[in-house]
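Derivation of every value follows stated rules applied to the coordinates shown; laboratory data play no part. All figures in this text were calculated on a predicted structure; none of them were measured in a lab. All Cβ positions, glycine included, derive from the backbone under ideal geometry; neighbour counts span all protein chains shown.
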Amino acid sequence: MSIMLAWIGKSDLIAAGVFSPFDSSKPPGPGPILSAVRAQSFEAVHLLSDYDASKARAYIDWLEQQSGMKVALYLEKLESPTNHEEIYHATKGIVDRLAGGDEDHLWNHRQGSGMVFHLSPGTPAMAAIWLLLAKTRYRAARLIESSPEQGVKEVHFPFDLSAEFIPGPTREDQDTLIHLAQGLSPETAAFGEIIHRCEIMKRTVLKARRLAQFDVPVLIQGESGTGKELFAKAIHRESRRGNTALVAVNCGAIPENLVESEFFGHLKGSFSGATADRKGYFEAADRTTLFLDEIGELPLAMQVRLLRVLQEGVVTPVGSTTAKKIDVRIIAATNRDLPAEVQAGRFREDLYHRLAVGVLRLPPLRERDGDLGLLIDSMLASINEKRRPCPGYVDKKIDPSARNFLHTHSWPGNARELLNVLSRASIWAAGDTITGRDIAESLDITATTKGDAILGRPFDHGFSLEKLISQVARHYLDRAMAETHGNKTEAARLLGLGSYQTLSNWLRKHQID
């Protein structure tokens, strides 16, 4: 069984009597949606509508009476029914939710198995977005169209497509950017290494540039691999201290018994092993910037000492009674949720507020619409440049199947994971082209799976062994067909199936075209 998704179109509303027909002399037909429901068997129907809520609900009532099915309605008010950006975000949001939206659910946005996208209702822009999603993000979804002349039929597009939707700024975004950019120079070299074009990153960069102008502590929050150190270096370079060297320290890499000495220094003989006087990180960072990476890893006792330094601007080396005046700007970073750490008693609230004067939240890669393709091209160009001197290396390009595979991964490791995957794939690719198989193998090496993803799932009300097995089969069948560009003989070999015909039976059983 499958579910159908579509935008409600004007022809559907005319069929239900919600709108007057174009030609009153001809009786209206059933409309594209009801035609599809009558022609094919669907487990569920999910409809999106940009029309007035009362008209959309009147249509749903009519459709349920005509079809005998329960229909889900999603009201999505658009500025224009031809605005591709709005349609993309509205459509993708609903499909992501229905597909599971997380890596624990194998019927997820990498698959779209069991989904049917109806192209005929709605505007041409809506049909274009369904096509874009089906050919890239939801490659196992089927496409249908309907017309009074030819009825309902499945649509096949005999081409490979790799695309990433690149959103444009709204008027509100433009106003925000103009406001944030007041007082800033139009060009800056310091932030040039931060590759981006999406609006959320544009706003984040502009906020960082504003913070660079003020000599206040900055707290950068974000998942691992989002570029916290890159932002810290850029803020430092654009600040009034930018002509000095940034001092960086990983707070989680210092043994607990050495933290105080590493930060504040020590005198000779102050403890076993102290064979000479030594400056700590704070004294080394005098008149420059100290970057405290992973500050959430600091032990509580050290947090107390750090708070005193920030409040009074002095440090006292271990074994000394003389305080030294310092002028240090702090930029701290963490992948932890510090407010939650404060609530749990693992991070001091007073230190948090002392650090969180300027706060930046770096978005994960999955929230950066339009940036992934740019990062892929930039990283691959950098990899080619670095590897070019290596014997036998040829510059790599990436084919559509590989690009599609990259676009369907959720990137829990963010940009760092992307760089590692491309780096591995560039080594393993035999020729000058990185294929979907190269990417799949590169991802499989580091893929992490939660314990309850397949094994150990609870026997709750919705558990179905047959459905779970089918999800796993669809996942690998779809991957094999994508990586072999539809070559069934090669796909059967990858899957360990005995023959072309055996693969065909599996594809038919699990409704994969």
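Side notes on the structure shown:
- Taking θ as phi - 60° and the Karplus parameters 6.51, -1.76 and 1.60, the scalar couplings of region 138-150 work out to 10, 6, 8, 6, 9, 10, 10, 9, 9, 8, x, 7, 10 Hz in sequence order, x denoting glycine and proline.
- Fewest-first ranking of Lys135, Lys153, Lys207, using other Cβ atoms within 10 Å as the exposure measure: Lys153, Lys207, Lys135
- Working value for region 171-366: equivalent-ellipsoid semi-axes of 33, 18, 14 Å, each the square root of 5 times a Cα gyration tensor eigenvalue, largest first.
- The phi-based Karplus calculation (6.51 cos²θ - 1.76 cosθ + 1.60; θ = phi - 60°) puts the 3J(HN,Hα) values of region 206-222 at 5, 5, 5, 5, 5, 5, 4, 7, 10, 7, 10, x, 10, 10, 9, 10, x Hz, whole numbers, x for Gly and Pro.
- Region 248-308, Cα convex hull volume normalised per residue, Å³: 91 Å³
- Charge context of Ile3, other residues only, Cβ under 15 angstrom, K/R +1, D/E -1: +3
- Each Lys or Arg adds one and each Asp or Glu subtracts one; over the other residues with Cβ under 13 Å from the Cβ of Ser35, this totals -1.
- Arg508 versus Leu374: modelled label distance in nm, points set 7 Å from Cα along the beta carbon direction: 4.8 nm
- Förster radius 41 Å - calculated FRET efficiency between Leu75 and Asn487 (Cβ-Cβ, nearest 0.05): 0.40
- The Rg/Rh ratio of the chain, with both radii computed over alpha carbons and Rh defined as the Kirkwood radius, is 1.06.
- Multiplying the residue separation of Trp428 and Lys325 by 0.36 nm and removing their Cα-Cα distance gives an extension gain of 31.7 nm.
- For region 193-307, the fraction of C-alpha pairs more than 24 angstrom apart is 36%.
- Pairs of lysines in region 367-509 (C-alpha under 29 Å apart; 8 or more residues apart or interchain): 9
- For Thr433, distant residues with modelled amide H under 5 Å away: Lys397
- Rough spin-label spacing in nm, given labels placed 7 Å along Cα→Cβ, for Glu341 and Leu258: 2.1 nm
- For Lys153, a cut-off of 20 angstrom between C-alpha atoms picks up these aspartates and glutamates, skipping any fewer than 8 places away in its own chain: Asp12, Glu43, Glu145, Asp513.
- For Val359, the residues whose amide H sits under 5 Å from its own are Leu219, ignoring neighbours fewer than 5 places away on the same chain, with H placed 1.01 Å from N.
- Using a Förster distance of 41 Å, the FRET efficiency for Val357-Ser382 (Cβ separation, nearest 0.05): 0.75
- Under 29 Å, Cα to Cα: Lys pairs in region 171-366, sequence gap 8 or more or different chains: 14
- Environment charge at Gln501 (Cβ cut-off 15 Å; Lys +1, Arg +1, Asp -1, Glu -1): +3
- Close amide-amide hydrogen proximity is noted between Trp7 and Leu48, each under 5 Å apart and 5 or more residues distant or on a separate chain (H modeled in the peptide plane; Pro and chain starts excluded).
- Karplus-derived 3J(HN,Hα), 6.51/-1.76/1.60, for each residue of region 345-358, Hz, glycine and proline x: x, 9, 9, 6, 5, 5, 5, 4, 5, 5, 7, 8, 7, x
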